[in-house]
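The next block holds one structure in the form of structure tokens; read it before the comments.
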Amino acid sequence: MKIAVLPGDGIGTEIVAEAVKVLNVLELPLELEEAVVGGAAYAAQGHPLPDSTLQLAKDADAVLFGAVGDWQYDKLERSLRPEQAILGLRKHLGLFANLRPALCYEQLTHASSLKPELVAGLDILIIRELTGDIYFGQPRGRRTAVDGHFPGAEEAFDTMRYSRPEIERIAHVAFQAARRRGKKVTSVDKANVLETFQFWKDVVTEVHAQYPDVELEHMYVDNAAMQLVKAPKKFDVVVTGNMFGDILSDEAAMLTGSIGMLPSASLDANNKGLYEPSHGSAPDIAGKGVANPLATILSAAMMLRYTLAQPEAADRIESAVRAVLAAGLRTPDIYSDGTRKVGTREMGDAVVAAITGKTITG
Ligand code: NAD
């Protein structure tokens, strides 16, 4: 099993090093190869996604990604900015399904902005379509209006569109994920107003016929935004389009309190995937040894579960993370009174200790 390891910028190198440490103690036949990406790649090779890095990612079974972005590159022309690397990888690898679990650990319920009883035991999976919708639809642009409320005025426009195969493949990802979990899918749309999402609803309903063991409900996006903060535990798998998913996945992330705890996966049609924490490169804390590596370590667990078909190894990592939290270890972002503050490396070492059955000392 070949894994391309792309640490990137900022805290990317620190947190990916801990995830690699964890993967290495699992005694699996993993072949890890590292390459530069983002600002680090621009500095070394003049492009945020060099051909050699892209080729490594294409040849690998899965990609473990840290984060990209640094203020020093903000003045570069758009095509050379670090963030273009992630867009390029999504495009070239055909990553159309973004999976973001929002899981609230018992010990961290206080970190949520909701009341503990609403989030204790929360375990939902947001599946966002990643390559279509109004973010990519053509035509788009600015022009002089010929009709509408103000003919002759300057206006801007975008195009919302989804094709049948795009909806079918993301629906399959959702129903198959639900089969491994609580067997319920909530498809979020705006079918009452948008033609595109009436079509989305119709196609998801058709695909559902192949999954009679999974419950399907439809929900308008405005209601979904409300229900996520009112009764988030009602959800199991949520599937939606690119724009609604962009917004709802961030909302769901905040239910758990800490961005440093949230993994993510972006999958292609064959379950090959890019795995990364949901957060960015955090330049404000880079190099200080205080970043929380757990989102990246949990991303490695997702990689074992979804792409490498090693669910037991994924379970071992996830149980180790629970054990470390139960032992009271916390990086500063999740620290509270009565727990023990540790750095990035100590947190990684503690997860390794938990996996290998050693005492968790931090
Ligand atoms: P960010 O997620 O990097 O940081 C937001 C806040 O959360 C910061 O205060 C940061 O210190 C904190 N934080 C993030 N991850 C943490 C961790 N693991 N442990 C502890 N604290 C953590 O978002 P930002 O500040 O808006 O963006 C910084 C850079 O990251 C920008 O250049 C942005 O473009 C880039 N970015 C990259 C990705 C990606 O690589 N996929 C995603 C989002 C942002």
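The values are calculated or read from the model by the stated rules, or taken from the named source; none is laboratory data. In this text, all values refer to a predicted model and were calculated from it rather than measured experimentally. Virtual Cβ from ideal backbone geometry, glycine too; neighbours counted across all protein chains shown. All accessible areas refer to the heavy atoms of the entire protein, side chains included, with ligands and DNA or RNA removed. Shrake-Rupley method; radii C 1.70, N 1.55, O 1.52, S 1.80 Å.
Is one or more of the residues making up region 322-343 within 16 Å of the ligand (Cβ to nearest atom), under 20 Å from the mean Cα position of the chain (by Cα) and under 27 Å from A57 (Cβ atoms)? First the steps, then the outcome.
Within region 322-343, the subset within 16 Å of the ligand (Cβ to nearest atom) is 324-325, 329-336, 339, 341-343.
Adding the requirement that they be under 20 Å from the mean Cα position of the chain (by Cα) leaves 333-334.
Next cut, under 27 Å from A57 (Cβ atoms) only: none.
Looking through region 322-343, none of the residues is within 16 Å of the ligand (Cβ to nearest atom), under 20 Å from the mean Cα position of the chain (by Cα) and under 27 Å from A57 (Cβ atoms).
Given the condition near the ligand (Cβ under 10 Å from one of its atoms), assigned to a loop (DSSP other than H, G, I, E, B) and more than 30 Å from D158 (Cα to Cα), answer yes or no: does some residue in region 253-274 qualify?
So far as region 253-274 goes, yes, one or more of its residues are near the ligand (Cβ under 10 Å from one of its atoms), assigned to a loop (DSSP other than H, G, I, E, B) and more than 30 Å from D158 (Cα to Cα).
Just the residues that are open to solvent by 70 Å² or more (accessible area, probe 1.4 Å) and among the aliphatic types (A, V, I, L, M), please, taken from region 157-212.
Matches in region 157-212: V193, A209.
So is G280 assigned to a helix (DSSP H, G or I) and touching a residue at least 60 places away in the same chain (Cβ under 8 Å) or not?
Details: assigned to a helix (DSSP H, G or I): no; touching a residue at least 60 places away in the same chain (Cβ under 8 Å): yes.
For G280, the condition - assigned to a helix (DSSP H, G or I) and touching a residue at least 60 places away in the same chain (Cβ under 8 Å) - is not met.
So, S281, is that one hydroxyl-bearing (S, T, Y), in contact with a strand residue (DSSP E or B) (Cβ under 6 Å, 6 or more places away or on another chain), under 30 Å from Q198 (Cβ atoms) and open to solvent by less than 30 Å² (accessible area, probe 1.4 Å) or not? Lay out the reasoning, then the answer.
Details: hydroxyl-bearing (S, T, Y): yes; in contact with a strand residue (DSSP E or B) (Cβ under 6 Å, 6 or more places away or on another chain): yes; under 30 Å from Q198 (Cβ atoms): no; open to solvent by less than 30 Å² (accessible area, probe 1.4 Å): yes.
So S281 fails the test.
Kindly check whether there is at least one residue in region 7-15 that is free of Cβ contacts under 8 Å to residues at least 24 places away in the same chain, among the small types (G, A, S) and farther than 21 Å from D349 by Cβ.
First, the residues of region 7-15 that are free of Cβ contacts under 8 Å to residues at least 24 places away in the same chain: none.
No; the residues of region 7-15 include none that is free of Cβ contacts under 8 Å to residues at least 24 places away in the same chain, among the small types (G, A, S) and farther than 21 Å from D349 by Cβ.
Taking the condition over 30 Å from D236 (Cβ atoms), touching a residue at least 12 places away in the same chain (Cβ under 8 Å) and surrounded by 18 or more Cβ atoms within 10 Å (Cβ to Cβ), does A40 pass?
Values: over 30 Å from D236 (Cβ atoms): yes; touching a residue at least 12 places away in the same chain (Cβ under 8 Å): yes; surrounded by 18 or more Cβ atoms within 10 Å (Cβ to Cβ): yes.
Here the answer is yes, as A40 does meet what is asked.
Only residues that are open to solvent by less than 40 Å² (accessible area, probe 1.4 Å) and outside any helix (DSSP H, G or I): list them for region 318-359, please.
Within region 318-359, G328, L329, R330, T331, S336, T339, V342, G343 meet the criteria.
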